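Worksheet: one structure, shown below.
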Amino acid sequence: MDTLKTATADFERTVAALPPNSWNNDTPCDITVREVVDHVVAGNIFAVRLLAGACAADAVADLDADHLGDDALAAVVTSGAEQLTAFAAADQTRSLHHPSRDISYQTFVRFRLGELVIHAWDLAVGADLDRTLNPVVAEALWAMVEPHLDDMRSIGGYGSGPSSDLPPTTTLQTRLLDAFGRRA
């Protein structure tokens, strides 16, 4: 939970640092800065619903709407806090009915943590901010992701997906970004 809290705060700081003229810039995930922020807010809303026991269809209902309104940072902060509360209150033994398949609480933590960390990096690239990931969060996420690289490759939902031929000297940040299909 601490890592998710830190990643949430890191994402909020990144959004707060976005220059006003960067919101229409492209990002490495082929959508604009604004669309990435909206995507993460929608994901936070989705997480709250799923963790409360919603089925996949109910959890994704109406997520294609604009969630940022006139105050994107407030939407990020509010939805992030609600997501953290939902994770803290959730039954960690219950399967979650994610649209991809039923998943465990821990798998969903990995999914949401990945969203926050990788999309914060996407925003940094799109807005020309510092691209350095929080090393403590990156290390924790890598520990969760590394055992699942083959599964991530088979799902194919991570851009071009993880490489299988990175040299052993590759930095942890580069390995992590690569796992999510980002080529730094």
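Some observations on this one:
- Residue 1 accessible area, assembled protein chains, probe 1.4 Å, Å²: 90
- Contact order for the stretch 28-150, expressed relative to its length and based on alpha carbon pairs under 8 Å spaced 6+ residues apart, stands at 28 percent.
- 3J(HN,Hα) couplings calculated from phi for the stretch 126-143 with the Karplus curve 6.51 cos²θ - 1.76 cosθ + 1.60 (θ = phi - 60°) are, in sequence order, x, 9, 6, 9, 4, 8, 6, 6, 4, x, 5, 5, 4, 5, 5, 5, 4, 4 Hz; Gly and Pro show x.
- With q set to 0.09, 0.11, 0.12 Å⁻¹, the log10 of I(q)/I(0) for the chain, from the Debye formula over equal scatterers at the Cα positions, is -0.30, -0.46, -0.55.
- Unit charges on C-beta of K, R, D, E only; dipole of the chain, Debye: 440
- Calculated [θ] (222 nm, deg cm²/dmol) that DSSP helices of n ≥ 4 give over the chain, each run adding -39,500 (n - 2.57): -18500 deg cm²/dmol
- Where Rh is the Kirkwood radius over Cα pairs, Rg/Rh for the stretch 48-153: 0.97
- Of all accessible heavy-atom area on the chain, the percent that carbon and sulfur account for (1.4 Å): 51
- Hz values of 3J(HN,Hα) by residue in the stretch 40-50 - Karplus curve (6.51, -1.76, 1.60), Gly and Pro given as x: 5, 4, 4, x, 5, 5, 4, 4, 4, 5, 5
- Estimated translational D of the stretch 1-49 in µm²/s (Stokes, Kirkwood radius over Cα pairs; 20 °C; 1.002 mPa s): 182
- Rounded to whole Hz, the Karplus (6.51, -1.76, 1.60) HN-Hα couplings of the stretch 93-103, x for glycine and proline: 9, 8, 5, 9, 8, 5, x, 6, 3, 5, 9
- Pairs of Cα atoms farther than 15 Å apart, the stretch 11-79, %: 54
- For the chain, the per residue solvent-accessible surface stands at 49 Å², with DNA, RNA and ligands left out and a 1.4 Å probe.
The values are calculated or read from the model by the stated rules, or taken from the named source; none is laboratory data. None of the values given here were measured: they were computed from a predicted structure. Methodologically, a virtual Cβ is constructed for each residue, glycine included, from the backbone with ideal geometry; neighbour enumeration extends over all protein chains shown. Keep in mind that these areas ignore ligands, DNA and RNA; they rest on the heavy atoms of the full protein, side chains included. Shrake-Rupley method; radii C 1.70, N 1.55, O 1.52, S 1.80 Å.
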